[in-house]
Number of protein chains: 2
Amino acid sequence: MTDSLVQIAREKLDQAVAILPHFEIDLWLTFARETSLGKDPSLDLIYPFDVTWHSAFLVHQSGDRTAILGRYDVENAESLGAFSKIVSYDESIRPALIEVLQEMEPKFLGLNFSVNDPAADGLTHGMKLYMDEVLEAAEISPDQVRSAEDFISSLRGQKTGTELEKIRQAVNTTQEIYGLVGEQIKPGVTERQLAQFMKDQVDQRGLDYAWDPLINPAVNTGPDSAIGHAAPSDLEIQPGHLVHFDFGVKQEGFCADLQRMWYVLRPDETEPPEEVLKAWTAVRKALLAGAKALTPGTHGYEVDKAARRSLTRRGFPEYLHGFGHHIGRVAHDGATILGPQWDRYGKTPEGLVEVDNVFAIELGVKVTDHGWVYLEENVRVLENELEWLSTPQTELALIHPE
Amino acid sequence: MTDSLVQIAREKLDQAVAILPHFEIDLWLTFARETSLGKDPSLDLIYPFDVTWHSAFLVHQSGDRTAILGRYDVENAESLGAFSKIVSYDESIRPALIEVLQEMEPKFLGLNFSVNDPAADGLTHGMKLYMDEVLEAAEISPDQVRSAEDFISSLRGQKTGTELEKIRQAVNTTQEIYGLVGEQIKPGVTERQLAQFMKDQVDQRGLDYAWDPLINPAVNTGPDSAIGHAAPSDLEIQPGHLVHFDFGVKQEGFCADLQRMWYVLRPDETEPPEEVLKAWTAVRKALLAGAKALTPGTHGYEVDKAARRSLTRRGFPEYLHGFGHHIGRVAHDGATILGPQWDRYGKTPEGLVEVDNVFAIELGVKVTDHGWVYLEENVRVLENELEWLSTPQTELALIHPE
């Protein structure tokens, strides 16, 4: 596992140098310390180790990559073999950092802060105050300092070959476990029992969870189950219930995020009631409408609008979240959000879809008396089409009475 | 495990209310989002779940505790049962947060930023910029805003009953594994093999690592092994080597951090060479000198100085790190550092030792031709004495030739 993260860090550093000229910063600086307490999500991309003392990672448009670290972290940096220069210190990073900044003479320096994108907002406020003093000493003025958010969005969002390989693997494993849970769904079984069955599958394979295992999987049976970020309950599956799952494994550091659906037939039913089928069709069509709009160069909010409109045109209410989000090292892998221009998304829906972005796309509706119809698939954006990383659920799976 | 973290969050919220009057802030505000990408270490203390959208946790001197969260996170907050008020929102946290702040009318608002203490520096710069706008709208002026670092240092540093119980458990398990590795140490075995043996023990017990498993355990055999933050190598144990380990498990969310030592006798030796014994005695005595100075109300740097002087008085060079650090949820669990007043430690050595702090204390020296002598123990500070959580290594363990 470590080997692939090392390989990916090398790929991402190459990518950083390659894409930096497209942004209005010539030097990108990641500034971190004591990563065991909290790690800048951008550092994860380019440095697969922890750091203890103040550490600076500088990537310049010229191709130059410099790391400045406390003495005990130098060996790790050297083992990566991806920095053109590694500087070690014992007492303070300040003199070395000032010297390197003065040598590099950035016109515009990109730092990892962002009001909009949590994935580009890894610089803490205390570290920014420290950096302000360093920049003053290095004679870099505040108006030369910019948010690196657009650059980070592309660097994080455009998956490399090894990243794609790892996401595919996580999607496949998640589907494999979904393939097993279908047989466990029968009247009398509780949400919690189904969740435990899936967790056992994850643990037996020695895998991690794509998000908080308290709500991964989320399991919702019937109309009384709270959808959202609540833990599986003791509610029992009953005939007439829609049974819904939101689940994803994290494997070798990369995530999948898929939702799947079953309907439990009543003894007198051979197919789901009409209102369930109507909701199913509307959700599936809205998902496809969004997928069709998911093309390079499109704004995130436009993709969301296509799915949202498809759903509301059929008389269903809007879903209270975005249509899609990046997946990668985490299940919500940074900007661009395929979502409405709501305040809580900041400017992230204004980002543009790019080739090699990987999104989870999702939406759903509630059917009174039956439960939730929700779907979620994982897709990769190509130049002229989508690659479906998951095998889409195209039919509402049925549980037959015994 | 989740149950104990829930219990601890309740204890920490009670503790927060109890200690807040001792600090010059009347309202403490933790402001977070998308914690799967990076979590404010202070949020971990009081809220054992992830959050997705902007979320605010406010603790007031009056005892009032309010949480403002996106709709899907509300159930978790309710399940904790520790907030007097929970506010839910869909589109933006801004109006609710402004309203709560206006109601609370703080004189001095403490936020989680710190130049000195990474554990008190969880507010990102982007979130600080967002908060600045909220505070302006709530008519709270910038000079009413303060770093909550001193408060957080006490809140994190003073372990509750359940926290102490969990740390004790991690220390005991770490010692249990150390008890097994002694039999594996013999000439020809590599650092990497010993590390793998210990990792197997950790994995078999289903435990986590107190820090990056790449260097946990750290294993150093002989004079050619690089000490510090480097991974165990293929160097083989040889007669005449000092064999040194730095290792700690994380169990139910809490950490131990212990170093242990062996000496491998040469065929003609019945005890270690004099220079090894001299170093051993100096290290052990310096550790005890530091431990003696570790009393409530003492500055961190004074404790370090006591250990450092004891070592240098015996003619050994200074160690290039601090004498001690808190342990808890992570191996480096925030300020106060028991370390010298070096720039990279900021003001953290100026903090005062408090009752119910738990520290890892450590130091060592190199012996030419033999390797490293290093010791590390875990201790709890009481009113008039130390409680040794680890059973201290009082003799250099010997490996006899076969």
Inset, instruction - Inspect all residues belonging to region A:256-278 and state whether any of them is modelled with pLDDT of 95 or more, among the small types (Gly, Ala, Ser) and over 30 Å from A:ASP40 (Cα atoms). - result: no
Of (1) among the basic types (Lys, Arg); (2) within 27 Å of B:GLY351 (Cα to Cα); (3) buried (at least 17 other Cβ atoms within 10 Å of the Cβ), B:ARG260 fails just (2)
Exactly one of A:GLN341, A:GLN393 is in contact with a Leu (Cβ under 8 Å, 6 or more places away or on another chain) and either assigned to a loop (DSSP other than H, G, I, E, B) or in contact (Cβ under 8 Å) with a residue 24 or more places away in the chain (or both), and that residue is A:GLN393
Looking across region B:78-95 at residues that are assigned to a loop (DSSP other than H, G, I, E, B) and facing chain A (nearest Cβ under 8 Å), the single one that is farthest from A:PRO340 (Cα to Cα) is B:ILE93
Subset of region B:309-336, residues more than 23 Å from B:ALA218 (Cα to Cα) and under 21 Å from the mean Cα position of the chain (by Cα), comes to B:ALA335, B:THR336
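Before we move on, is B:ASP132 surrounded by fewer than 21 Cβ atoms within 10 Å (Cβ to Cβ), touching a strand residue (DSSP E or B) at 6+ places or on another chain (Cβ under 9 Å) and within 11 Å of chain A (Cβ to nearest Cβ)?
Values: surrounded by fewer than 21 Cβ atoms within 10 Å (Cβ to Cβ): yes; touching a strand residue (DSSP E or B) at 6+ places or on another chain (Cβ under 9 Å): yes; within 11 Å of chain A (Cβ to nearest Cβ): yes.
Yes; evaluated as a whole, the condition is true for this residue.
Tell me whether region A:346-359 contains one or more residues that are touching a helix residue (DSSP H, G or I) at 6+ places or on another chain (Cβ under 9 Å), more than 14 Å from chain B (Cβ to nearest Cβ), of a type in the set (Asp, Glu) and over 21 Å from B:ILE93 (Cα atoms).
Keep residues of region A:346-359 that are touching a helix residue (DSSP H, G or I) at 6+ places or on another chain (Cβ under 9 Å), which gives A:346-354, A:356-359.
Keeping just the survivors that are more than 14 Å from chain B (Cβ to nearest Cβ) gives A:350-354, A:356-359.
Subsequent filtering for residues that are of a type in the set (Asp, Glu) retains A:350, A:354, A:356.
Subsequent filtering for residues that are over 21 Å from B:ILE93 (Cα atoms) retains A:354, A:356.
Yes, because at least one residue in region A:346-359 is touching a helix residue (DSSP H, G or I) at 6+ places or on another chain (Cβ under 9 Å), more than 14 Å from chain B (Cβ to nearest Cβ), of a type in the set (Asp, Glu) and over 21 Å from B:ILE93 (Cα atoms).
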Of the residues in region A:192-250, those that are facing chain B (nearest Cβ under 10 Å) and more than 24 Å from A:LEU363 (Cα to Cα) come to A:ASP203, A:GLY206
The residue that is nearest to B:ILE167 (Cα to Cα), considering only those in region B:181-236 that are touching a residue at least 60 places away in the same chain (Cβ under 8 Å) and surrounded by 19 or more Cβ atoms within 10 Å (Cβ to Cβ), is B:ALA210
Output for Cβ contacts, cut-off 9 Å, separation at least six or different chains, first residue more than 7 Å from chain B (Cβ to nearest Cβ) in region A:114-128, second in a helix (DSSP H, G or I) and among the aliphatic types (A, V, I, L, M), reads A:ASP117/A:ILE152; A:ALA120/A:ILE152
Condition set of a type outside the set (A, V, I, L, M) and in contact with a Ser or Thr (Cβ under 9 Å, 6 or more places away or on another chain), scope region A:263-300, selection nearest to A:ASP117 (Cα to Cα): answer is A:GLY300
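For B:ILE337, state whether it is within 14 Å of chain A (Cβ to nearest Cβ), among the hydrophobic types (A, V, I, L, M, F, W, C) and farther than 20 Å from A:ARG71 by Cβ. I'd like the intermediate steps shown before the answer.
Working: within 14 Å of chain A (Cβ to nearest Cβ): yes; among the hydrophobic types (A, V, I, L, M, F, W, C): yes; farther than 20 Å from A:ARG71 by Cβ: no.
For B:ILE337, the condition - within 14 Å of chain A (Cβ to nearest Cβ), among the hydrophobic types (A, V, I, L, M, F, W, C) and farther than 20 Å from A:ARG71 by Cβ - is not met.
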Checked region B:98-148 for anything polar (S, T, N, Q) and under 22 Å from B:THR35 (Cα atoms); matches are B:ASN112, B:SER114, B:THR124, B:SER147
Of the residues in region A:64-77 that are assigned to a helix (DSSP H, G or I) and not β-branched (Val, Ile, Thr), the one that is surrounded by the fewest Cβ atoms within 10 Å (Cβ to Cβ) is A:ARG71
Of (1) within 14 Å of chain B (Cβ to nearest Cβ); (2) assigned to a loop (DSSP other than H, G, I, E, B); (3) in contact with a strand residue (DSSP E or B) (Cβ under 6 Å, 6 or more places away or on another chain), A:ARG146 fails just (2)
Residue set B:GLY38, B:GLY70; condition small (Gly, Ala, Ser), within 30 Å of B:TRP342 (Cα to Cα) and within 13 Å of another protein chain (Cβ to nearest Cβ); output residue B:GLY38
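Yes/no matrix, rows are residues, columns are (1) out of contact with any Leu (no Cβ under 6 Å at 6 or more places or on another chain); (2) of a type outside the set (A, V, I, L, M, F, W, C):
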{"position": "B:SER62", "(1), (2)": "yes, yes"}
{"position": "B:ALA67", "(1), (2)": "yes, no"}
{"position": "B:GLY70", "(1), (2)": "yes, yes"}
{"position": "B:ASP73", "(1), (2)": "yes, yes"}
{"position": "B:ASN76", "(1), (2)": "yes, yes"}
{"position": "B:ALA82", "(1), (2)": "no, no"}
{"position": "B:ILE86", "(1), (2)": "yes, no"}
{"position": "B:SER92", "(1), (2)": "yes, yes"}
{"position": "B:ILE98", "(1), (2)": "yes, no"}
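So, of the residues in region B:80-97 that are more than 19 Å from B:ALA138 (Cβ to Cβ) and touching a helix residue (DSSP H, G or I) at 6+ places or on another chain (Cβ under 8 Å), which turns out to be surrounded by the fewest Cβ atoms within 10 Å (Cβ to Cβ)? Explain how you work it out, then say what you get.
Of region B:80-97, the ones more than 19 Å from B:ALA138 (Cβ to Cβ) are B:80-84, B:86, B:88, B:90.
So of that shortlist, the ones also touching a helix residue (DSSP H, G or I) at 6+ places or on another chain (Cβ under 8 Å) come out as B:80-83, B:86, B:88, B:90.
Numbers: B:LEU80: 17, B:GLY81: 8, B:ALA82: 18, B:PHE83: 21, B:ILE86: 17, B:SER88: 16, B:ASP90: 13.
If we take residues in region B:80-97 being more than 19 Å from B:ALA138 (Cβ to Cβ) and touching a helix residue (DSSP H, G or I) at 6+ places or on another chain (Cβ under 8 Å), then B:GLY81 is surrounded by the fewest Cβ atoms within 10 Å (Cβ to Cβ).
Of all residues in region A:5-35 being within 14 Å of chain B (Cβ to nearest Cβ) and within 19 Å of the chain's Cα centre (by Cα), which is modelled with the highest pLDDT? Working first, answer last.
Within region A:5-35, the first condition is being within 14 Å of chain B (Cβ to nearest Cβ), and the residues that meet it are A:5-6, A:9, A:29-35.
Then keep just the ones that are within 19 Å of the chain's Cα centre (by Cα); that gives A:5, A:9.
On the way: A:LEU5: 91, A:ALA9: 97.
Filtering first and then ranking leaves A:ALA9.
Quick one: is A:VAL74 under 17 Å from A:GLY328 (Cα atoms), modelled with pLDDT under 95 and either out of contact with any His (no Cβ under 6 Å at 6 or more places or on another chain) or not acidic (Asp, Glu) (or both)? Even if it seems obvious, please write down each step before you answer.
Details: under 17 Å from A:GLY328 (Cα atoms): no; modelled with pLDDT under 95: yes; either out of contact with any His (no Cβ under 6 Å at 6 or more places or on another chain) or not acidic (Asp, Glu) (or both): yes.
Here the answer is no, as A:VAL74 does not meet what is asked.
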Apart from one, (1) closer than 17 Å to B:GLU163 by Cβ; (2) of a type outside the set (Ser, Thr, Tyr); (3) surrounded by fewer than 20 Cβ atoms within 10 Å (Cβ to Cβ) all hold for B:LYS366; the odd one out is (1)
Picking from B:ALA291, B:ALA335, the residue that is in a helix (DSSP H, G or I) and within 26 Å of B:GLU149 (Cα to Cα) would be B:ALA291
Among the residues of region A:306-362, the number that are among the acidic types (Asp, Glu), at pLDDT 95 or above and surrounded by 22 or more Cβ atoms within 10 Å (Cβ to Cβ) is 1
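Which of the residues that make up region B:96-135 are among the aromatic types (Phe, Trp, Tyr) and part of a helix (DSSP H, G or I)?
Here is the first cut: in region B:96-135, the ones among the aromatic types (Phe, Trp, Tyr) are B:108, B:113, B:130.
The answer is B:TYR130, and nothing else.
Residue by residue, here is whether (1) in a helix (DSSP H, G or I); (2) of a type in the set (S, T, N, Q); (3) in contact (Cβ under 8 Å) with a residue 60 or more places away in the chain holds:
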| residue | (1), (2), (3) |
| --- | --- |
| B:MET261 | no, no, yes |
| B:THR270 | no, yes, no |
| B:LYS278 | yes, no, no |
| B:ALA282 | yes, no, yes |
| B:LYS285 | yes, no, no |
| B:THR295 | no, yes, yes |
| B:ALA306 | yes, no, no |
| B:LEU311 | yes, no, no |
| B:PHE316 | no, no, no |
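Is it true that B:LEU45 is touching a helix residue (DSSP H, G or I) at 6+ places or on another chain (Cβ under 6 Å) and at pLDDT 95 or above? Quick ask: steps written out before the conclusion?
Values: touching a helix residue (DSSP H, G or I) at 6+ places or on another chain (Cβ under 6 Å): yes; at pLDDT 95 or above: yes.
The answer is yes for B:LEU45.
Do we find a residue being among the polar types (S, T, N, Q), over 22 Å from B:ALA279 (Cα atoms) and assigned to a strand (DSSP E or B) anywhere in region B:247-259? Can you show your working first?
Step one: of region B:247-259, the residues among the polar types (S, T, N, Q) are B:251, B:259.
Going one step further and asking which of them are over 22 Å from B:ALA279 (Cα atoms), we end up with B:251.
Among the residues that remain, those that are also assigned to a strand (DSSP E or B) are: B:251.
Within region B:247-259 (the criterion being among the polar types (S, T, N, Q), over 22 Å from B:ALA279 (Cα atoms) and assigned to a strand (DSSP E or B)), the answer is yes, since at least one residue qualifies.
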All-but-one check, B:LEU155 against (1) within 14 Å of another protein chain (Cβ to nearest Cβ); (2) within 19 Å of B:ALA32 (Cβ to Cβ), failing number (1)
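The values are calculated or read from the model by the stated rules, or taken from the named source; none is laboratory data. Being a predicted model, the structure only gives us computed values, none of them experimental. Positions of Cβ are backbone-derived with ideal geometry, glycine not excepted, and every protein chain shown enters the neighbour counts.
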